[in-house]
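Chemist: Sending over a structure as C-alpha cells; questions will come in a sec.
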C-alpha cells in the first residue's frame, strides 16, 4: 500500500546541482514536496555542472527553472517565487547566496515563514568554513576514514559510497527541514538551518567518539568488536571466491554459527583475544568448502547473522528488494526506458508505474513565474533578454 505524501503542498526551491543539498532535495521530493530546481540558463560555450541523466533519480517528480541570478531582474524573479515557497535549499560557499541577493535575510524579507537551509562542507562559520571539499574530505576530518579498514600500504580504504553527502549531509538537512516545518506548523515561524556535512559525520561516528571522550581510549581499526577485533564480526571468502558477511555479535547467534560449521569448540571463545587468529583460520577453512550461495541457503535460516556480499549487479537483480518494490522504471525523452532505485526511504510512496523524467532543456520557468504573479509581457521580456529559459 502506498504511503501518504507527508509533504504534499510543500514547495521547495533548490539551488543545488549535486552533492548533499541535491540528496536532500531528492528526499523531500520522494516525500511528496514540489521541488523546483533552479539553475542558470544555458549559454553557448558555458561550462556548467550537470549531474548525469540518471543521478538523483533523474529528477523524477521535480520541476525545473532556469534564471540568471547575476541579473537584477533574475533576482527579482527568484524573490517572487520565494514569496510563495516553504523551503529553500542552497549549497553555495558561505556568504555567496547573500552576495547574489538570495540569502536568508533577503528571502525572509519577502516570506517570514520560509525555512532556509544552507548546506556546506564545514558549516557557515568556523576555521574550515571557507575550505573547498568533497565527500572524502568530510569523512577524513570527522574520523570516519581513520576507523575504516586499511589498504596494503597502510592507508585508509576508500569508502564504497558517498556516505558524507548522503547520510551526514542530505539526510541531516532533510531531518532538520522536517523539524523546522513541524515547528512552523505550531508557531508560524520560519527558520534558518546551517547544515555542515563534517558535523554530520560526527553524528555517524558518535559511538566511537563518545567512547574516546568518556574513557580516554584511542579507537582504531581492529580495536573493538565493530571494527574487526573479533572473528565473529568480519567478512570471509567462500569456496567460489565470493564473500560472506558474518555479524554474529550476540552469543546465541555466534553459538548457532559455530554449531552449523562444526566449530563448537569456539562457542565459549567468542571474545577471547588470544584465540581470534585460530578462530578466523577455522572460519576461513570452513567457508572454503562451499560456494557463497550454498552457505547462505544453509546458514541464513538458522539465526547466524550471515549475509552475502552482493555486487551492484546482484543487488539490482535481488528478489528480496524486488518483492519490496525497491526498484522502478523511468522513461527519459533522450535516453529511453531504464530501471532506477525507487523512493526507498521509510514512509515514502513507491511508484508502481513508469515515471516520466524531464529532458535537460525542458523547464517550468514560465508556468511558475505566472503562478507567482508575473504577467505574460514580463515573462516574454525576461525570455527575450536571456534572463530566464
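The values are calculated or read from the model by the stated rules, or taken from the named source; none is laboratory data. Treat the numbers as computed from the prediction; the structure is a model and nothing was measured. Cβ atoms come from the backbone with ideal geometry, glycine included; neighbour counts cover every protein chain shown.
Chemist: In region 75-97, which residues are without any contact (Cβ under 8 Å) to a residue 60 or more places away in the chain and either surrounded by 19 or more Cβ atoms within 10 Å (Cβ to Cβ) or more than 23 Å from the chain's Cα centre (by Cα) (or both)?
Modeler: Scanning region 75-97 gives 75, 76, 79, 95, 96.
Chemist: Let me ask you something else. Here's a check for you: in region 213-237, which residue that is surrounded by 15 or more Cβ atoms within 10 Å (Cβ to Cβ) and not in a loop (DSSP other than H, G, I, E, B) is nearest to the chain's Cα centre (by Cα)?
Modeler: Residues of region 213-237 that are surrounded by 15 or more Cβ atoms within 10 Å (Cβ to Cβ), as a first pass: 219, 221, 223-224, 227-234, 236.
Subset that is not in a loop (DSSP other than H, G, I, E, B): 227, 233-234, 236.
Details: 227: 23, 233: 26, 234: 25, 236: 28 Å.
Only one residue tops the list, namely 227.
Chemist: While we're looking at this one, here's another question. Which of the residues that make up region 5-22 are farther than 19 Å from residue 103 by Cα and not in a loop (DSSP other than H, G, I, E, B)?
Modeler: Correct list: 19 only.
Chemist: Across region 327-350, which residue is surrounded by the most Cβ atoms within 10 Å (Cβ to Cβ) among those that are without any contact (Cβ under 8 Å) to a residue 24 or more places away in the chain and in a loop (DSSP other than H, G, I, E, B)?
Modeler: 342
Chemist: Could I ask something else about it? Give the number of residues within region 83-106 that are part of a helix (DSSP H, G or I) and touching a strand residue (DSSP E or B) at 6+ places or on another chain (Cβ under 6 Å).
Modeler: Adding up the residues that qualify gives 2.
Chemist: Go through region 100-116 residue by residue and tally those that are surrounded by fewer than 19 Cβ atoms within 10 Å (Cβ to Cβ) and within 15 Å of residue 69 (Cβ to Cβ).
Modeler: Here is the first cut: in region 100-116, the ones surrounded by fewer than 19 Cβ atoms within 10 Å (Cβ to Cβ) are 100-101, 105-106, 108-113.
Now restrict to residues that are within 15 Å of residue 69 (Cβ to Cβ): 100-101, 106.
Selection size over region 100-116: 3.
One line per residue, one yes/no per condition, for (1) farther than 16 Å from residue 233 by Cβ; (2) under 33 Å from the mean Cα position of the chain (by Cα); (3) part of a helix (DSSP H, G or I):
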residue	(1), (2), (3)
257	no, no, yes
268	yes, no, yes
276	no, no, yes
280	no, no, yes
283	no, no, yes
298	yes, no, yes
307	no, yes, no
310	yes, yes, no
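Chemist: Can you confirm whether region 49-62 contains a residue that is assigned to a strand (DSSP E or B), assigned by TED's automatic domain parsing to the domain that holds residue 123 and either surrounded by fewer than 23 Cβ atoms within 10 Å (Cβ to Cβ) or touching a residue at least 24 places away in the same chain (Cβ under 8 Å) (or both)?
Modeler: no
Chemist: Let me ask another. Only one of these is under 26 Å from the mean Cα position of the chain (by Cα) and either surrounded by fewer than 17 Cβ atoms within 10 Å (Cβ to Cβ) or not assigned by TED's automatic domain parsing to the domain that holds residue 140 (or both): 240, 210. Name it.
Modeler: 210
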